[in-house]
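The values are calculated or read from the model by the stated rules, or taken from the named source; none is laboratory data. All of these numbers come straight from a predicted model, not from anything done at the bench. Positions of Cβ are backbone-derived with ideal geometry, glycine not excepted, and every protein chain shown enters the neighbour counts. What goes into the accessible areas is simple: the full protein's heavy atoms, side chains included, and nothing from ligands, DNA or RNA. Shrake-Rupley method; radii C 1.70, N 1.55, O 1.52, S 1.80 Å.
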Amino acid sequence: MARNIQSVERAAAMLRLLAGGERRLGLSDIASSLGLAKGTAHGILRTLQQEGFVEQDGPSGRYQLGAELLRLGTTYLDVHELRARALVWTDDLARSSGESVYLGVLHQQGVLIVHHVFRPDDSRQVLEVGAMQPLHSTALGKVLSAYDPVAHSEVLEAERQEFTPRTVSTAEAFEGVLDLTRARGYAADVEETWTGVASVAAPIHNQRRMPVGAVGVAGAVERVCKDGELRPELIAAVRDCARAVSRDLGAGRF
(Lines give C-alpha, C1' and ligand atoms only; values in the text may rest on other atoms or scores of the structure.)
Protein backbone atom coordinates (compact mmCIF):
# COMPACT_ATOMS: atom_id res chain seq x y z
CA MET A 1 0.00 0.00 0.00
CA ALA A 2 1.40 3.38 -1.01
CA ARG A 3 2.38 5.70 1.84
CA ASN A 4 0.95 9.20 2.07
CA ILE A 5 3.33 12.12 1.65
CA GLN A 6 3.52 13.82 5.05
CA SER A 7 4.33 17.30 3.78
CA VAL A 8 1.28 17.26 1.48
CA GLU A 9 -0.94 16.06 4.33
CA ARG A 10 0.34 18.89 6.53
CA ALA A 11 -0.22 21.47 3.80
CA ALA A 12 -3.79 20.20 3.28
CA ALA A 13 -4.45 20.36 7.03
CA MET A 14 -3.10 23.91 7.09
CA LEU A 15 -5.42 25.00 4.28
CA ARG A 16 -8.41 23.43 6.05
CA LEU A 17 -7.45 25.22 9.24
CA LEU A 18 -7.26 28.58 7.46
CA ALA A 19 -10.58 27.88 5.73
CA GLY A 20 -12.44 27.58 9.04
CA GLY A 21 -12.70 29.64 12.18
CA GLU A 22 -10.94 33.01 12.25
CA ARG A 23 -10.20 34.75 8.99
CA ARG A 24 -6.48 35.15 9.77
CA LEU A 25 -4.16 33.08 11.94
CA GLY A 26 -0.65 33.72 13.20
CA LEU A 27 2.27 31.30 12.82
CA SER A 28 2.11 30.25 16.49
CA ASP A 29 -1.63 29.53 16.27
CA ILE A 30 -1.18 27.42 13.14
CA ALA A 31 1.79 25.49 14.50
CA SER A 32 0.06 24.83 17.82
CA SER A 33 -3.24 23.74 16.25
CA LEU A 34 -1.52 21.24 13.96
CA GLY A 35 1.09 20.06 16.46
CA LEU A 36 4.00 21.27 14.32
CA ALA A 37 7.26 22.97 15.14
CA LYS A 38 7.23 26.65 14.18
CA GLY A 39 10.04 26.11 11.68
CA THR A 40 8.15 23.32 9.94
CA ALA A 41 4.92 25.30 9.84
CA HIS A 42 6.72 28.37 8.53
CA GLY A 43 8.35 26.36 5.73
CA ILE A 44 5.00 24.97 4.57
CA LEU A 45 3.37 28.39 4.79
CA ARG A 46 6.18 29.97 2.80
CA THR A 47 5.75 27.39 0.02
CA LEU A 48 1.97 27.82 -0.05
CA GLN A 49 2.47 31.57 -0.14
CA GLN A 50 4.83 31.33 -3.11
CA GLU A 51 2.20 29.30 -4.98
CA GLY A 52 -0.53 31.83 -4.16
CA PHE A 53 -2.53 29.46 -1.96
CA VAL A 54 -1.82 31.49 1.19
CA GLU A 55 -1.39 35.22 1.73
CA GLN A 56 0.26 37.03 4.65
CA ASP A 57 -1.13 40.26 6.02
CA GLY A 58 1.72 42.77 6.20
CA PRO A 59 0.85 44.71 9.37
CA SER A 60 -0.18 41.73 11.51
CA GLY A 61 1.92 38.98 9.92
CA ARG A 62 -1.10 36.67 10.07
CA TYR A 63 -1.99 34.24 7.29
CA GLN A 64 -5.16 33.70 5.27
CA LEU A 65 -6.22 31.75 2.18
CA GLY A 66 -4.85 33.18 -1.08
CA ALA A 67 -6.48 34.22 -4.33
CA GLU A 68 -5.07 31.25 -6.28
CA LEU A 69 -7.02 28.82 -4.11
CA LEU A 70 -10.17 30.83 -4.73
CA ARG A 71 -9.49 30.79 -8.47
CA LEU A 72 -9.08 27.02 -8.48
CA GLY A 73 -12.30 26.58 -6.52
CA THR A 74 -14.18 28.89 -8.87
CA THR A 75 -12.84 27.02 -11.87
CA TYR A 76 -14.06 23.74 -10.41
CA LEU A 77 -17.50 25.18 -9.76
CA ASP A 78 -17.65 26.68 -13.26
CA VAL A 79 -16.75 23.37 -14.89
CA HIS A 80 -19.20 21.50 -12.66
CA GLU A 81 -22.01 23.88 -13.58
CA LEU A 82 -21.05 23.77 -17.26
CA ARG A 83 -21.28 20.00 -17.30
CA ALA A 84 -24.53 19.97 -15.35
CA ARG A 85 -26.14 22.48 -17.70
CA ALA A 86 -24.93 20.61 -20.78
CA LEU A 87 -26.11 17.10 -19.84
CA VAL A 88 -29.54 17.19 -21.50
CA TRP A 89 -28.42 19.15 -24.55
CA THR A 90 -25.40 16.95 -25.27
CA ASP A 91 -27.55 13.82 -24.96
CA ASP A 92 -29.97 15.32 -27.48
CA LEU A 93 -27.09 16.22 -29.81
CA ALA A 94 -25.73 12.67 -29.72
CA ARG A 95 -29.16 11.26 -30.56
CA SER A 96 -29.84 13.69 -33.40
CA SER A 97 -26.36 13.52 -34.93
CA GLY A 98 -25.65 9.85 -34.36
CA GLU A 99 -22.10 10.79 -33.33
CA SER A 100 -20.02 11.12 -30.17
CA VAL A 101 -20.33 14.43 -28.35
CA TYR A 102 -17.54 16.09 -26.39
CA LEU A 103 -17.51 19.00 -23.95
CA GLY A 104 -14.11 20.62 -23.46
CA VAL A 105 -12.49 23.41 -21.45
CA LEU A 106 -9.09 25.08 -21.50
CA HIS A 107 -6.55 23.38 -19.24
CA GLN A 108 -2.74 23.52 -19.23
CA GLN A 109 -2.29 24.57 -22.87
CA GLY A 110 -4.77 21.98 -24.08
CA VAL A 111 -8.41 20.95 -24.12
CA LEU A 112 -9.62 18.92 -21.15
CA ILE A 113 -12.60 16.70 -21.96
CA VAL A 114 -15.05 17.14 -19.07
CA HIS A 115 -18.04 15.32 -20.58
CA HIS A 116 -18.38 12.66 -23.27
CA VAL A 117 -21.59 11.19 -24.66
CA PHE A 118 -21.14 7.94 -26.56
CA ARG A 119 -22.24 7.54 -30.15
CA PRO A 120 -25.73 6.01 -29.92
CA ASP A 121 -25.01 2.64 -31.48
CA ASP A 122 -23.77 -0.73 -30.29
CA SER A 123 -20.11 -0.17 -31.14
CA ARG A 124 -17.40 -0.57 -28.53
CA GLN A 125 -16.35 2.86 -27.21
CA VAL A 126 -14.00 4.20 -24.55
CA LEU A 127 -14.99 7.01 -22.17
CA GLU A 128 -12.65 9.96 -22.77
CA VAL A 129 -13.54 12.17 -19.80
CA GLY A 130 -10.23 13.49 -18.42
CA ALA A 131 -8.41 13.11 -21.73
CA MET A 132 -6.46 16.02 -23.17
CA GLN A 133 -6.67 17.23 -26.78
CA PRO A 134 -4.44 19.77 -28.56
CA LEU A 135 -5.58 23.35 -28.99
CA HIS A 136 -4.29 23.96 -32.50
CA SER A 137 -5.69 21.01 -34.45
CA THR A 138 -8.97 19.91 -32.87
CA ALA A 139 -12.30 21.63 -33.44
CA LEU A 140 -12.75 22.10 -29.69
CA GLY A 141 -9.28 23.60 -29.38
CA LYS A 142 -9.72 25.98 -32.29
CA VAL A 143 -12.96 27.28 -30.80
CA LEU A 144 -11.31 27.96 -27.46
CA SER A 145 -8.31 29.58 -29.17
CA ALA A 146 -10.59 31.80 -31.25
CA TYR A 147 -12.77 33.07 -28.42
CA ASP A 148 -10.63 32.83 -25.26
CA PRO A 149 -7.69 35.30 -25.11
CA VAL A 150 -5.81 33.05 -22.65
CA ALA A 151 -6.15 30.05 -24.95
CA HIS A 152 -5.09 32.23 -27.89
CA SER A 153 -1.89 33.24 -26.14
CA GLU A 154 -1.12 29.71 -25.00
CA VAL A 155 -1.62 28.10 -28.39
CA LEU A 156 0.71 30.62 -30.05
CA GLU A 157 3.40 30.06 -27.41
CA ALA A 158 3.16 26.26 -27.54
CA GLU A 159 4.67 23.89 -30.08
CA ARG A 160 2.06 23.15 -32.75
CA GLN A 161 2.79 19.58 -33.74
CA GLU A 162 1.89 18.34 -37.21
CA PHE A 163 -0.20 15.22 -36.52
CA THR A 164 -1.20 14.69 -40.16
CA PRO A 165 -0.40 16.39 -43.49
CA ARG A 166 -3.55 18.48 -42.97
CA THR A 167 -2.49 19.98 -39.62
CA VAL A 168 -2.10 23.78 -39.67
CA SER A 169 1.04 24.56 -37.68
CA THR A 170 2.40 27.97 -38.72
CA ALA A 171 1.32 30.98 -36.67
CA GLU A 172 0.18 33.02 -39.69
CA ALA A 173 -1.93 30.23 -41.15
CA PHE A 174 -3.37 29.38 -37.75
CA GLU A 175 -4.45 32.99 -37.18
CA GLY A 176 -6.33 32.74 -40.47
CA VAL A 177 -8.09 29.63 -39.17
CA LEU A 178 -9.11 31.49 -36.02
CA ASP A 179 -10.44 34.44 -38.06
CA LEU A 180 -12.55 32.02 -40.08
CA THR A 181 -13.76 30.32 -36.89
CA ARG A 182 -14.95 33.61 -35.42
CA ALA A 183 -16.62 34.62 -38.69
CA ARG A 184 -18.50 31.32 -38.99
CA GLY A 185 -19.18 30.72 -35.30
CA TYR A 186 -17.78 27.20 -35.37
CA ALA A 187 -14.53 25.32 -35.98
CA ALA A 188 -13.75 22.25 -38.03
CA ASP A 189 -11.15 19.49 -37.87
CA VAL A 190 -11.12 17.26 -40.91
CA GLU A 191 -8.31 14.74 -40.42
CA GLU A 192 -6.03 17.38 -38.88
CA THR A 193 -5.54 15.47 -35.63
CA TRP A 194 -6.45 11.86 -36.45
CA THR A 195 -6.58 10.32 -39.91
CA GLY A 196 -10.11 9.28 -40.79
CA VAL A 197 -11.74 11.42 -38.08
CA ALA A 198 -13.59 14.72 -38.51
CA SER A 199 -15.20 17.01 -35.95
CA VAL A 200 -17.05 20.29 -35.59
CA ALA A 201 -17.37 22.44 -32.46
CA ALA A 202 -18.94 25.69 -31.28
CA PRO A 203 -18.30 27.99 -28.29
CA ILE A 204 -20.24 28.11 -25.02
CA HIS A 205 -20.52 31.44 -23.17
CA ASN A 206 -21.55 32.34 -19.63
CA GLN A 207 -23.74 35.15 -18.33
CA ARG A 208 -20.89 37.62 -18.84
CA ARG A 209 -20.66 36.42 -22.46
CA MET A 210 -17.21 35.04 -21.72
CA PRO A 211 -16.16 31.74 -23.34
CA VAL A 212 -16.22 28.94 -20.77
CA GLY A 213 -15.95 25.90 -23.01
CA ALA A 214 -16.78 24.29 -26.31
CA VAL A 215 -19.05 21.49 -27.44
CA GLY A 216 -18.62 19.38 -30.53
CA VAL A 217 -19.23 16.11 -32.31
CA ALA A 218 -16.61 13.82 -33.78
CA GLY A 219 -16.79 10.74 -35.96
CA ALA A 220 -15.63 9.01 -39.10
CA VAL A 221 -15.02 11.37 -42.02
CA GLU A 222 -17.47 9.52 -44.25
CA ARG A 223 -20.27 10.16 -41.75
CA VAL A 224 -19.42 13.68 -40.58
CA CYS A 225 -18.58 14.99 -44.05
CA LYS A 226 -20.29 14.87 -47.42
CA ASP A 227 -18.37 15.54 -50.64
CA GLY A 228 -15.37 16.62 -48.59
CA GLU A 229 -17.29 19.22 -46.55
CA LEU A 230 -18.85 19.08 -43.10
CA ARG A 231 -22.55 18.23 -43.24
CA PRO A 232 -24.51 21.52 -42.86
CA GLU A 233 -27.16 19.89 -40.65
CA LEU A 234 -24.43 18.68 -38.29
CA ILE A 235 -22.94 22.17 -38.04
CA ALA A 236 -26.38 23.61 -37.29
CA ALA A 237 -27.05 20.99 -34.61
CA VAL A 238 -23.74 21.69 -32.85
CA ARG A 239 -24.29 25.44 -32.91
CA ASP A 240 -27.84 25.02 -31.60
CA CYS A 241 -26.52 22.88 -28.74
CA ALA A 242 -23.87 25.48 -27.85
CA ARG A 243 -26.48 28.25 -27.85
CA ALA A 244 -28.81 26.20 -25.66
CA VAL A 245 -26.12 25.52 -23.06
CA SER A 246 -25.04 29.18 -23.16
CA ARG A 247 -28.63 30.29 -22.53
CA ASP A 248 -28.86 27.92 -19.57
CA LEU A 249 -25.69 29.54 -18.22
CA GLY A 250 -27.35 32.94 -18.49
CA ALA A 251 -25.73 34.18 -21.69
CA GLY A 252 -29.04 35.09 -23.30
CA ARG A 253 -29.82 34.74 -26.96
CA PHE A 254 -27.11 35.53 -29.52
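Details
- Close amide H pairs (under 5 Å, H built 1.01 Å from N) link V197 with E191, V221, residues at least 5 positions away or on another chain.
- Using Cβ point charges alone (K and R +1, D and E -1), the dipole size of the range 6-73 about the Cα centre works out to roughly 60 debye.
- Share of alpha-carbon pairs per 10 Å distance bin for the range 140-213, given as whole %: 20, 53, 25, 3
- Percentage of interatomic Cα-Cα distances in the range 115-254 larger than 22 Å: 37 percent
- Residue-count net charge about L144 - beta-carbon cut-off 13 Å; Lys, Arg +1, Asp, Glu -1: -1
- On Cα atoms only, tilt of 232-248 relative to the major axis of the chain in degrees: 30 degrees
- M210 accessible area, 1.4 Å probe, all protein chains in place, Å² to nearest 10: 90 Å²
- Extreme residue, positive dipole direction of the chain, given options L103, P211, L17 (C-beta unit charges): L17
- Over the chain: helical MRE at 222 nm, DSSP H runs n ≥ 4 each giving -39500 (n - 2.57), nearest 500: -15000 deg cm²/dmol
- What the phi angles of the range 175-180 give under the Karplus curve with 6.51, -1.76 and 1.60, with θ = phi - 60°, is a coupling list of 4, x, 5, 5, 4, 5 Hz, glycine and proline written as x.
- Taking Lys and Arg as +1 and Asp and Glu as -1, the other residues whose beta-carbon sits under 14 Å from that of Q125 total -2.
- Computed as a quarter of the hull surface, the mean projected area of the alpha carbon convex hull for the chain stands at 18.1 nm².
- Average 1/r across all pairs of distinct alpha carbons in the range 6-73, invert it, and you get the Kirkwood radius: 11.7 Å.
- Ranking by accessible area, most exposed first, for F53, F163, F174 with a 1.4 Å probe: F163, F53, F174
- Given +1 at the Cβ of Lys and Arg, -1 at the Cβ of Asp and Glu and no other charges, the dipole of the range 177-254 around its Cα centre is 560 debye to the nearest 20.
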